[in-house]
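Here is the structure we will look at.
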Amino acid sequence: MTLTQILKMLVACILVITFILVTASAYRQHRTISALAELTDATSSIVTQLAVDELAHVDETGNKYSYVLDPDRLDNLTFKREVGGENFEFQVSLGYQGSENLTFGPAPPENKTNCSLVVACSLWLNDRFQLAKFGVIAWYA
């Protein structure tokens with residue numbers, strides 16, 4: 001073998017190894033981004049389910065008001081959900097004028113990635129509507 005052939009083989013080996021390393025790195029990055037997108041979708045799903053159904057105010061005639069939350073319903077809330085075949089835990093926060101931000105549920109673990117989402121809503125409080133912020137922090141269980 002000549003020196004030129006050896007150099008060509010060496011360059012080819014370096015290119016193949018570089019391609020493999022770049023592909024492996026891109027795959028890991030893709031998995032991370034996919035997991036974050038899934039966490040974001042799950043958080044959005046949890047917020048919607050809570051605000052539209054589970055915590056929604058129901059008046060005396062049985063009408064349900066989406067995004068009008070009944071704070072008394074927070075007492076019976078479970079802070080675990082299955083979304084898309086994955087298990088998630090979450091924490092809920094509720095803030096409104098004249099009150100500190102109220103937090104319900106477990107604190108997010110420091111060693112897990114979490115996603116938070118805050119939406120505007122109303123509270124049914126003292127027989128009247130009050131503007132509020134409703135937040136959810138979710139993480140993989």
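Across the chain, Cα pairs under 8 Å and at least six residues apart give a relative contact order of 22 percent.
By accessible area, using a 1.4 Å probe on protein heavy atoms only, region 3-140 has 57% of its surface on carbon and sulfur. Among the GluC sites (Glu not before Pro) in region 31-84, those placed in a DSSP loop whose Cβ has at most 12 other Cβ atoms within 10 Å are Glu60. When nucleic acids and ligands are ignored and a 1.4 Å probe is applied, Val16 ends up with an accessible area of around 80 Å².
By the helix-only formula, in which each DSSP H run with n ≥ 4 contributes -39500 (n - 2.57) and the sum is divided by residues, the chain has a 222 nm mean residue ellipticity of -12500 deg cm²/dmol. Counting only protein heavy atoms and using a 1.4 Å probe, the accessible area of Cys13 comes to about 70 Å².
The amide H of Val83, built 1.01 Å from its N in the peptide plane, has Phe88 as neighbours under 5 Å, considering only residues 5 or more places off or on other chains.
Suppose every Lys and Arg Cβ carries +1 and every Asp and Glu Cβ carries -1, with no other charges. What dipole size does the chain come out with about its Cα centre, to the nearest 20 debye?
Details: 10 positive and 15 negative charges, 201 e Å.
Rounded to the nearest 20 debye, it is 960 debye.
In order along region 33-49, phi translates into HN-Hα couplings of 5, 5, 5, 5, 5, 5, 5, 5, 4, 5, 4, 4, 5, 5, 4, 5, 4 Hz, rounded to whole numbers, per the Karplus curve 6.51 cos²θ - 1.76 cosθ + 1.60 with θ = phi - 60° and x for Gly and Pro.
For log10 I(q)/I(0) by the Debye sum over Cα atoms at q = 0.12, 0.14, 0.18, 0.21 Å⁻¹, the value calculated from this model appears in [x] -0.59, -0.72, -1.00, -1.22; [y] -0.47, -0.63, -1.00, -1.27; [z] -0.56, -0.67, -0.91, -1.10 under label [x]. On a per residue basis, the chain carries 67 Å² of accessible surface, using protein heavy atoms and a 1.4 Å probe. Here's the list of lysines a cross-link from Lys64 could span, going by alpha-carbon distance under 21 Å and ignoring same-chain residues fewer than 8 apart: Lys133. Note on exposure: Phe19, Phe90, Phe129 ranked by accessible area (1.4 Å probe, complete protein assembly) read Phe19, Phe129, Phe90, with the most exposed listed first. Accessible area per residue was computed with a 1.4 Å probe on protein heavy atoms; Asp53 scores about 70 Å². If you sort His57, His30 by accessible surface, 1.4 Å probe, largest first, the order is His30, His57.
The values are calculated or read from the model by the stated rules, or taken from the named source; none is laboratory data. Predicted model, so just to flag it, every value in this text is computed and none were measured. Every residue, glycine as well, gets a Cβ built from its backbone with ideal geometry; the counts of neighbours run over all protein chains shown. To get the accessible areas, we keep the full protein, side chains included, count just its heavy atoms, and leave off ligands, DNA and RNA. Shrake-Rupley method; radii C 1.70, N 1.55, O 1.52, S 1.80 Å.
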